[in-house]
Amino acid sequence: MGFGVKWCKWIRTCISIVQFSVLINESPADFFGSSRDPLSPMLFLILMEVFSRMLRKVEGARLICGFKIEGRRDGGESVSHLLFIDDTILFCDADVEQILHIWLLLLSFQAVTGLKVNVHKCEMVPIGEVDDVHALADILGCKVGCLLMSYLGMPLGASHKSPSLWNPILEKIERRLAGWKKLYLSKGGRLMLLKSTLSSLSTYFLSLFTIPTYVANKIEKLQRDFLWGDSKTHLVGWDKVYAPLANSGLGIRKLTTFNKALLGKWLWWFGKEEDRLWRRMVVSKYGEEWGCLDLKTR
């Protein structure tokens with residue numbers, strides 16, 4: 001028991017004396033200390049669970065209606081809200097009464113917990129044509145947004161083949177390459193940077209979307225130009241660059257193959273995560289295929 005107390009005190013000390021620095025316009029600012037209780041994030045999550053249950057009760061009373069996924073399964077799945085840390089998405093019809101119920105819910109949550117919604121950072125995003133969207137936004141005091149928009153680093157409302165989806169990744173890779181002085185790096189140093197940094201920049205997107213051929217070719221060209229520099233003669237064929245180290249290659253991941261591997265993990269999770277919301281939504285829309293059921297039994 002005494003060891004556990006000492007361990008907790010040690011963890012608390014590590015959390016309370018840590019220094020933070022944030023990037024402002026991609027430049028690190030000065031370090032600053034933490035003035036918050038280290039338990040604050042956990043307490044916030046507990047309160048957001050209360051908020052989630054309040055929304056479920058309001059939806060259960062049919063005061064608001066989320067979006068419903070209809071497909072092969074009768075009944076479908078209804079989603080009224082999505083929460084991720086301090087980001088919240090609420091779904092409802094373009095109806096004055098439903099907006100008023102949401103506003104009353106937010107006021108009740110504020111009165112109970114003391115947490116106030118910053119309406120200046122909130123947006124009402126219409127799906128389709130909504131004639132009185134500005135009047136509805138005035139009820140909540142928020143701004144009116146539109147699709148295409150970004151949520152948790154993901155663009156919403158764009159096709160996975162759209163240039164607007166992949167341009168930020170290409171621009172980020174180009175900016176990162178421009179910041180490195182490749183003239184002062186050896187071939188081995190350039191190779192390590194390609195493996196450790198550039199290969200991970202697009203992983204988030206590759207795990208969710210199928211990369212278009214033109215985007216894969218563009219990223220591979222950026223990788224080749226960075227690895228070999230201004231030399232017009234490449235010392236090793238690109239097929240060798242992609243080969244594993246065990247096969248006398250350089251071990252750089254091939255984007256299209258890596259993309260298929262990341263997308264393939266969803267088949268595994270589909271067979272394992274039976275109670276997850278995303279799986280229920282897919283099943284409601286498309287049904288359960290025999291291959292996924294066979295994967296689950298194994």
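The values are calculated or read from the model by the stated rules, or taken from the named source; none is laboratory data. Keep in mind that this is a model prediction, so the values were computed, not measured. All accessible areas refer to the heavy atoms of the entire protein, side chains included, with ligands and DNA or RNA removed. Shrake-Rupley method; radii C 1.70, N 1.55, O 1.52, S 1.80 Å.
Close amide H pairs (under 5 Å, H built 1.01 Å from N) link PHE91 with HIS81, residues at least 5 positions away or on another chain. Note on LYS143: accessible area approximately 110 square angstrom, rounded to 10, probe 1.4 Å, nucleic acids and ligands left out. Rolling a 1.4 Å probe across all protein chains gives TRP268 an accessible area of roughly 130 Å².
At a 1.4 Å probe radius, which order do VAL112, VAL144 fall into by accessible area, largest first? Spell out each step's value before the answer.
Values: VAL112 115, VAL144 55 Å².
So the residues, ranked largest to smallest area, are VAL112, VAL144.
At a 1.4 Å probe, what is the % contribution of carbon and sulfur to the accessible area of the stretch 104-158? Each step should come with its number before you reach the end.
Numbers: 2070 of 3590 Å².
On the stretch 104-158, the fraction of accessible area on carbon and sulfur atoms equals 58 percent.
At the residue level, VAL96 shows approximately 70 square angstrom of accessible surface with a 1.4 angstrom probe and all protein chains present.
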